[in-house]
Amino acid sequence: MDSSGSPHGHHHDEDIEENIISQQNPSKGGWTAAIFIIFVEMAERFAYYGMSGNLITYLTNELEEPIPMAAKNVNTWTGVSALLPLLGAFIADSFLGRFTTILVSSIIYCMGMSLLTVTVSVVPLHLRKAMFFVALYILSVGLAGHKPCVQTFAADQFSEDSPEERKAKSSFFNWWYLGIIVAGSAAILVVIYIQDNVSWAAGFGIMTGSMVVALILFLLGIKKYRKQGPLGSPFPKVAQVFVAAVRKRHTEVTTGDSSGVYFRDDTSPQQPLSSVHTNQFRFLDKAMVIDHLDASSETRNPWRLCSLNQVEQVKLLLRLIPIWMCCLMFAVVQSFVQTFFTKQGSTMIRSIGSFQIPQASLLIFVGLTIIVVIPIYDRVFVPTARKFTGHPSGITMLQRIGTGLLISIITMVVAAVVEAKRVKILGDHNLLDNPKAIVPMRVWWLVPQYVISGLSDVFAFVGIQELFYDQMPEAMRSLGAAFYLSVTGVGNFISSGIITLVQVISSKYGEKWISDNIDRAHLDYFYWVIAALSTLNLCIYVWIAKGFLYKKS
């Protein structure tokens, strides 16, 4: 045995050194590598938004599904696509590593896109629907590996150790989101216009092309990347802490001098940094108490005795769960932007001169807001706030998310007021029972709710992304990204649930609030209900955030 407490201490140290050298190699990583990955992600998001932004139109117009059914189909697909990354992240963190996962999933993605293009152009009508959904879900499998790893892989290009790169990393999350939105907005303008006015095949063809470009770009940067291998599955380590804590639930924890009481294992190669002991979730501390059984045995039984590092990592996860739950309501609000806002827009005057704006293109206002606000946020707001708070990112991640949640309540209030006005104008013109009628009201009335929802995105979404990257244990970083993506997924399912619930309850007391005829459907009441729920949610969030402890190392 040598001084590091492990029979093979020297090899461990060499591993750590090699690992650190590969991370700090100045010719690799940094912005030069990250920029490649940002472009890859932009090409992928271009394909994704071109696909999802107009999916409801394809389902209702081409496959002739009724609106509520189509909305639920879109929600289910979006939901599945946002939850599958949890599996993709697990595979990447445990077995394949992020680089390989991105490569494999990009190839599957290309296959899915090609199949979709073939389906909408060549496949005969009676087979088309089945083929379309098969291709859609192949796309989900591609997304499962692509989404959680790309962002994490890009953020890994900045090292934690130098203060410059840490600032760059915080700034990276802002520019990353900007890139996604630029690509998404381009898709909404270009692809959706082509789908509506040229042909669906041409639209899908362009998206397939962009996916192929993404794959080529990713391979071009291959020499520049800092790569981390898989760090082994995080789940057994998490489970061990719970099992050990339950086994030792009767052990007394003595406070005071903890050097002999706690087991500190700082020799594991993945975490050269040891965590600091915190006082939340004290029941887990028992997992690292050395009792007479542990002291007398030759080898450590990992299901009886866990290291301080391990216990603190589980605490990190437990702290993130309530925050995650509070973000779900935010995702519910954002899901309406893609469904009901679009349908509201379809009943209004959408012409500029002789040019007709496609209804789904209103989403562009969310994008434009973000494109304008993020550079201001990153270059003006952060440095100004930094002077007052002394915080490197200007405000803490939780303050940022909270601000976003507050703004999303305003989105719903504004949407409710505008919708009430739209229905009133319809009533004044006796158009309520004519679902095809166009309201004598310009579509610009909807712009404020799109803009405000874009603002809440800048705060909440980017904040959530950074929080779930930054506060996750290192071996679980891809999972952190998947967690953040699952907010949208679960939010979509909850949104479908709320829609069904409201339909059931409101139809008992008169008219359905949400129905195929959007003019008779009291969407404004529905928006008020959501605003009230969001307000309640914000209060709970603030209460939770007050007790939140950030990771210390």
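The values are calculated or read from the model by the stated rules, or taken from the named source; none is laboratory data. Everything numeric in this text was worked out from a predicted model, so none of it was measured. As a convention, Cβ positions derive from the backbone with ideal geometry for all residues, glycine included, and neighbour counts pool all protein chains shown. Accessible surface areas use protein heavy atoms only, side chains included; no ligands, DNA or RNA. Shrake-Rupley method; radii C 1.70, N 1.55, O 1.52, S 1.80 Å.
See the values below:
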quantity: Residue-normalised accessible area of the chain, expressed per residue, 1.4 Å probe, Å²; calculated: 43
quantity: Two-site label geometry, Val529 and Asp161: point separation in nm, points 7 Å out along Cα→Cβ; calculated: 5.6
quantity: Order by protection proxy (mean Cβ within 10 Å, highest first), peptides 483-493, 169-179; calculated: 483-493, 169-179
quantity: Carbon and sulfur %, accessible surface of the chain computed with the full protein complex present, 1.4 Å; calculated: 67
quantity: Linear extension gain, Asn279 paired with Ile352, 0.36 nm per residue minus alpha-carbon span; calculated: 20.2 nm
quantity: Tail weight of P(r) past 38 Å, computed on alpha-carbon pairs of the chain, percent; calculated: 34
quantity: Ratio Rg/Rh [Cα only; Rh per Kirkwood] for the range 299-383; calculated: 1.31
quantity: Over 24 Å between alpha carbons, listed pairs Lys28/Lys315; Lys72/Lys343; Lys237/Lys551; Lys167/Lys224; Lys167/Lys387; Lys28/Lys387; calculated: Lys28/Lys315; Lys28/Lys387
quantity: 5 Å binning of all Cα-Cα separations within the range 298-349, expressed as whole percents from 0 upward; calculated: 4, 14, 12, 11, 10, 9, 8, 7, 6, 6, 5, 4, 2, 1, 1, 0
quantity: Placed amide H near Met348: partners under 5 Å, 5+ positions off or other chain; calculated: Val439
quantity: In sequence order, calculated HN-Hα J values of the range 536-547 (Karplus, 6.51, -1.76, 1.60; Hz; x Gly/Pro); calculated: 4, 4, 5, 4, 4, 4, 4, 4, 5, 5, 4, x
quantity: Translational diffusion coefficient (Stokes-Einstein; Kirkwood radius from C-alpha pairs) of the range 364-483 at 4 °C, 1.567 mPa s, in µm²/s; calculated: 77
quantity: Spin-label zone in the range 108-133 - amide nitrogen under 17 Å from a point set 7 Å from the Cα of Ala202 along the C-beta vector; calculated: 117-118, 120-122
quantity: Stokes-Einstein D (µm²/s) once Rh is taken as the Kirkwood radius of the range 387-450 over alpha-carbon pairs, at 37 °C in 0.692 mPa s; calculated: 223
quantity: Descending semi-axes in whole angstrom, ellipsoid equivalent of the range 93-201, from the Cα gyration tensor; calculated: 35, 19, 7
quantity: Estimated 222 nm signal from helices in the chain, with DSSP H stretches of n ≥ 4 weighted -39500 (n - 2.57), rounded to 500; calculated: -22000 deg cm²/dmol
